[in-house]
Structures are given as C-alpha cells and as structure tokens.
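Asker: Structure provided below as structure tokens; questions to follow.
The numbers here are math on the coordinates, done by the rules we state, and not lab data. In this text the structure is predicted, and so the values were computed from the model without any measurement. We place every Cβ from the backbone using ideal geometry, glycine too, and count neighbours over all the protein chains shown.
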C-alpha cells in the first residue's frame with residue numbers, strides 16, 4: 001500500500017498532545033431535529049451558519065486537530081466564500097468527512113443493524129480527497145441485550161469497517177474506525193466491557209485481513225460504561241480502569257491513537273472520564289472525538305441568533321478548553 005508514511009503522519013497529527021477531534025457530522029435529519037429542539041428553524045442556511053459558528057471559533061485549533069463534516073457542510077462555504085475544507089485548513093485544522101450512509105436493519109439479526117455506504121465509496125473518497133479531506137469517519141452501531149450483540153452483527157459491521165478503512169487508505173485518507181457499543185439499555189458495566197472487547201477483536205481481525213495499516217488509522221470507541229437504565233453507577237476512576245483494561249487486551253500497539261466518542265454522556269462526565277484515563281501508561285495516546293459533549297452547549301447559547309454567535313463560540317471554546325486540560329493534566 002502506498003502513502004503509509006503520509007497516512008501515519010496525518011493520523012499522529014489527529015491525536016497530537018492536548019488536541020482532540022470535533023465531530024460536527026450529524027446527518028441533515030439529525031441536525032435539523034437538534035435545531036428544532038433548540039428553537040431554531042431547521043433550514044439549510046441555519047445548518048450552515050451553525051457549522052460555521054463551530055469551525056470559526058477563535059483559538060479552536062489550539063485544542064482541536066480536525067473537524068468531521070457531513071457531506072452537506074463539506075460542500076458549503078463560509079460566509080466569506082471559502083469552502084469549509086479550505087477554511088479549516090487555513091485555520092490550522094484537518095478537514096474530515098463522514099462517508100457512511102447510516103445503520104440499516106441487518107438481515108436475520110432482529111434488532112441489530114449494519115452500516116451501509118460501501119457502494120461507490122472509492123469514487124466518493126477520490127472526490128473528497130481532491131476537495132481537501134484528510135480523514136474520514138464510518139460509524140458502526142452495536143447494541144447489548146437479549147443475546148446481543150450477535151456474532152453475525154459483529155462480523156458484518158467489522159467487515160464493513162475494514163473495507164471502508166482499506167478504501168480510505170487507498171485514497172490517501174486516514175480512516176477513523178468507529179465501532180460504538182451503545183449505552184442504551186440496562187446492561188451492566190461488565191456486559192459493556194465484554195461486548196466492547198469482542199467487537200474490537202472482530203474489527204481488528206477484519207482490518208488485518210483487509211491489509212489496513214494500523215499506524216494510519218484512529219480508533220474511535222465507546223468508553224466502558226453501565227447502560228443508561230442500569231441501577232449501578234460508576235466513578236470516573238472505575239470507568240477509566242475498565243475502559244483501559246478492555247482496550248489493552250485487544251487493541252494492537254501499532255494503532256496511531258484512540259479518540260473516544262462521548263456516546264450520550266453529559267459534557268462534564270465525558271471530560272471527567274477522559275481525564276481519569278490519562279494517568280495510565282499506554283502505547284497509544286487517548287483523546288476525544290466528541291460531538292454532542294462539545295457542541296450542545298454552543299447550540300444552546302447560540303439560539304440561532306446572529307447577535308449570539310460569540311456566546312455560542314464561547315460555550316464551545318470553554319468545553320474544548322476543559323478537554324484540553326484533561327489531556328494535559330497527567
């Protein structure tokens with residue numbers, strides 16, 4: 001495979017010390033629903049304005065290495081006429097792109113899904129690369145409960161992630177590999193650890209079979225947590241210990257870095273858990289690739305009002321600063 005050195009350099013930059021990745025890649029439907037919930041009209045212009053608010057936050061590049069965009073935003077421009085990928089690059093951040101088409105029901109696996117989007121992906125990646133994309137993201141969704149996750153669901157999603165990752169590297173784009181074990185349900189922390197470990201074993205087996213260069217990927221997993229409806233609670237120290245212990249057992253040392261998703265945790269709790277993990281001596285850097293845990297406060301502060309753009313940016317900057325401090329505290 002060509003371009004491994006360039007890929008590994010980009011992957012390392014994505015998880016550089018004191019920096020994380022901003023996930024601003026919600027689908028049009030998801031972003032529109034969040035705008036509605038905040039009292040903002042779900043128009044294309046408002047979605048663009050909100051993403052511009054995020055991307056142009058003063059000083060954002062000090063704590064954010066790159067921004068994941070959806071296709072709509074990737075093809076839009078900032079108010080001064082610069083395409084979003086160019087605007088991000090000029091500010092000092094890597095432009096990223098979500099390339100999956102979402103989770104769909106998996107045949108013969110009731111209640112489970114497989115992520116689609118492989119058809120035509122080679123051509124789409126070439127187009128994104130030509131337009132400035134340096135990395136991409138593909139999310140697989142794994143559920144716990146009633147015999148789930150099944151081996152069928154793990155294999156199907158791991159295989160899709162590996163095919164996506166190989167195509168990304170072929171195009172000179174670093175793949176973020178995101179197998180998310182959902183917090184939904186009443187499962188225990190131990191059940192989450194087991195599901196996370198078995199899923200990651202499947203993923204790395206498929207990545208190896210696909211010839212993916214591990215130094216040129218960033219893994220984006222869930223933290224090991226009890227389900228949202230589980231009566232047990234876990235301290236940040238317990239979450240950190242369980243998460244790191246699970247990852248140590250299954251993630252190869254060659255992986256460039258691990259950038260956790262927030263997975264529905266509150267902004268403060270996601271940051272606390274991230275900070276607790278920094279005390280461990282590990283072969284890979286641990287950072288964040290948060291979406292809602294970074295941007296929800298900004299949306300609430302902005303309210304869709306031009307005169308509140310600065311308030312929205314201040315809210316985002318404050319969350320980024322907290323996470324940067326968590327990364328550098330150890």
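Asker: Computed from the mean reciprocal separation of all distinct C-alpha pairs, what Kirkwood hydrodynamic radius does segment 226-288 have, in Å? Before the final figure, lay out the partial values.
Answerer: Details: mean 1/r = 0.0803 Å⁻¹.
The answer is 12.5 Å.
Asker: If you count the DSSP beta bridges with both ends in the chain, what percent of them are antiparallel, to the nearest 5?
Answerer: Given both bridge residues lie in the chain, the antiparallel proportion sits at roughly 15 percent.
Asker: For the chain, what does the helix formula give at 222 nm: sum of -39500 (n - 2.57) over DSSP H segments with n ≥ 4, over the residue count, nearest 500 deg cm²/dmol? Walk me through the intermediate numbers first.
Answerer: Details: 12 runs with 153 residues, N = 330.
Mean residue ellipticity at 222 nm (helix-derived): -14500 deg cm²/dmol.
Asker: Which length gain, in nm to one decimal place, applies between residue 188 and residue 108 when the Cα-Cα distance is subtracted from 0.36 nm times their residue separation?
Answerer: Details: separation 80, 0.36 × 80 = 28.80 nm, distance 2.60 nm.
Difference between extended and current length: 26.2 nm.
Asker: Gain in length, residue 27 to residue 62, computed as 0.36 nm per residue apart minus the alpha-carbon separation, to one decimal in nm? Present the calculation step by step, with values, prior to reporting the outcome.
Answerer: On the way: separation 35, 0.36 × 35 = 12.60 nm, distance 2.65 nm.
Gain on stretching residue 27 to residue 62: 9.9 nm.
Asker: To continue, here is another question. Cut-off 17 Å, label point 7 angstrom out along Cα-to-Cβ of residue 86: give me the residues of segment 130-173 whose amide nitrogen falls inside.
Answerer: 130-134
Asker: Could you give log10 I(q)/I(0) at q = 0.12, 0.15, 0.19, 0.21 Å⁻¹ for segment 24-73, computed by the Debye formula over C-alpha point scatterers of equal weight, without solvent?
Answerer: Once normalised to I(0) and log-transformed, intensities are -0.27, -0.41, -0.63, -0.74.
Asker: Measure off 7 Å from each Cα along the Cα-to-Cβ vector at residue 75 and residue 303, then give the distance between these two points in nanometres to one decimal.
Answerer: Placing both labels 7 Å beyond Cα along the Cβ direction yields 3.4 nm.
Asker: On each of the three principal axes of the Cα atoms of segment 154-303, give max minus min coordinate, whole Å, ordered largest first.
Answerer: 41, 38, 31 Å, listed from the longest principal axis down.
Asker: Sort 154, 163 so the one with the fewest other Cβ atoms within 10 Å of its own Cβ comes first.
Answerer: Working: 154 24, 163 17.
Taking fewest neighbouring Cβ atoms as first place, the list is 163, 154.
Asker: Can you grab the distance from the C-alpha centre of segment 45-83 to the C-alpha centre of segment 244-278, Å, no decimals?
Answerer: Taking the Cα centre of each part, segment 45-83 and segment 244-278 sit 25 Å apart.
Asker: Where the Cα atoms of segment 4-328 are projected onto their three principal axes, how long is each span, largest first, in whole Å?
Answerer: Principal extents (Cα only, largest first): 50, 44, 39 Å.
Asker: Please report, for the Cα atoms of segment 1-93, the Rg to one decimal and the Dmax as a whole number; what are they, in angstrom?
Answerer: 14.7, 49
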